[in-house]
Amino acid sequence: MQGDHMVTVRPSGVSFAVTSGETVFAAAARAGLLWPTICGGNGNCGTCCSQIIDGRDGCLPIGEHEFETLSTVLRAPTDGSRRLACQLRIETDVTVQRRGVRPRPLTAECEELL
Ligand code: FES
């Protein structure tokens, strides 16, 4: 799709497309991936925090809420090297580091069908 950008996640190697205006976290969910979270993608818990490996210049700036969570909840750098996936919007392909990002397991109901 036009306007899509790809996110590649290390170390799992999964990748998925992010549409314009969509967060990385939302795009991952749409692609059937689990991204570690406690707050459900509301920018409060910091659990989705990821290291930006490539494409930092194509990440939209850190907003006020993300800044607050990064600095007060996580005490993480706010220089753009760490970002909350649930707040992160991109305008280029990026590679991030976040352990635990993986395909959503099949439900028990689905397993029974196989
Ligand atoms: S999922 Fe909680 S801050 Fe991103």
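Computed from the coordinates by the stated procedures, all read-outs in this text should not be read as laboratory data. This structure is a prediction, so every number in the text was calculated from the model and none was measured. Neighbour counts run over all protein chains shown; Cβ positions are idealised from the backbone, glycine included.
Calculated mean residue ellipticity, 222 nm, the chain: -3500 deg cm²/dmol, from DSSP H runs (n ≥ 4) at -39500 (n - 2.57) each, averaged per residue and rounded to 500. If you take the beta carbon distance between Arg10 and Thr72 as r and set R0 to 30 Å, what does 1/(1 + (r/R0)^6) give as a FRET efficiency, to the nearest 0.05? The pair Arg10/Thr72 has a calculated efficiency of 0.65. Ordered by the count of other Cβ atoms within 10 Å of each Cβ, fewest first, Cys48, Cys59 give Cys59, Cys48. Kirkwood analysis of the chain, using all unique Cα-Cα pairs, places the hydrodynamic radius at 14.3 Å.
Applying the Karplus relation 6.51 cos²θ - 1.76 cosθ + 1.60 with θ = phi - 60° to segment 97-104 yields 3J(HN,Hα) values of 10, 7, 5, x, 7, 7, x, 5 Hz, where x marks Gly and Pro.
Each Cα pair of segment 1-62 feeds into the Kirkwood radius, which the Stokes-Einstein equation turns, at 37 °C and 0.692 mPa s, into a diffusion coefficient of 262 µm²/s. Sorting Arg75, Arg89 by the number of Cβ atoms found within 10 Å of their own Cβ, with the fewest placed first, yields Arg75, Arg89.
Taking 0.36 nm per residue of separation and subtracting the current Cα-Cα distance, fully stretching the chain between Ala17 and Glu91 would add 25.5 nm.
Projecting label points 7 angstrom from Cα along Cα→Cβ for Cys39 and Asp57 puts them 3.1 nm apart.
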